[in-house]
1. Starting from residues that are open to solvent by less than 60 Å² (accessible area, probe 1.4 Å) and in a helix (DSSP H, G or I), keep the ones in segment 125-153 and report whichever is farthest from C66 (Cα to Cα).
2. Tell me the residue from R97, R34, R107 that is under 24 Å from V144 (Cβ atoms), of a type outside the set (V, I, T) and either out of contact with any Phe, Trp or Tyr (no Cβ under 6 Å at 6 or more places or on another chain) or touching a residue at least 40 places away in the same chain (Cβ under 8 Å) (or both), please.
3. Tally time: how many residues in segment 81-92 are small (G, A, S) and closer than 10 Å to S58 by Cβ?
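The values are calculated or read from the model by the stated rules, or taken from the named source; none is laboratory data. Note that the coordinates shown come from a computational prediction; the quantities given were computed from them, not determined experimentally. Cβ sites come from the backbone with ideal geometry, for glycine too, and all protein chains shown count toward neighbours. Just the protein is used for accessible areas: all its heavy atoms, side chains included, with ligands, DNA and RNA removed. Shrake-Rupley method; radii C 1.70, N 1.55, O 1.52, S 1.80 Å.
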Amino acid sequence: MQPSDDAPPAALSGSPLWLVGQAGIYAQRLLNERMASGDAHRHQLSVLEVLDEFGPVSQASIGRRCHLDRSDVAALVGELEGAGHLVREADPADRRRNVVTITPDGRVRLGQLRRLASAARDDLLEPLSVGERAQLTVLLERVVEHHTDLRGSAWA
C-alpha cells in the first residue's frame, strides 16, 4: 500500500516532539474555532480563569500567570471591562497599579467559555478513552512541570 502524498516521513510521525507540536496546532485551532463561535478568544478565558481562581490581582500578575505581554493584558482587560466581565480599580496600596476583579457577569461568561473549551478538548481527544485522556494529562503535566522547574517558567 502506498502512503498518501501528504503523509509526513516516518522519522517525524514517530517523533514525540513532532507529535506534540502537531497536537498543539490542532488544539489551538479547535480552541480558537470554539471561542470564535462564542464571540470570544482563548486569552479572555485565561484572564477570567486567573481572576476566578486567585481573586483580585494586578494586571502584571495576570500577565505572568497567563504568559502574556503586558500590552496584550491591558487590551484584554479593557475588552473584558467594557463588556462588564471585570472591574479595574487603582490599588489602594500602590496607586500606580491596577487591581482587577471578576464581576458576577464575568463569572457567567467564564462558565460559557469553559463550556466552549470543554467542547474543543472533547473534539481534540475524541479518539481517546476517558482513562487515556487522564493518562495523557498526567504525562503532559509531568513534562511541563519538569521544564518549568528547570527554567523557572514554561515560557522562559
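1. Looking at residues that are open to solvent by less than 60 Å² (accessible area, probe 1.4 Å) and in a helix (DSSP H, G or I), I get G131.
2. Answer to the selection: R34.
3. 0
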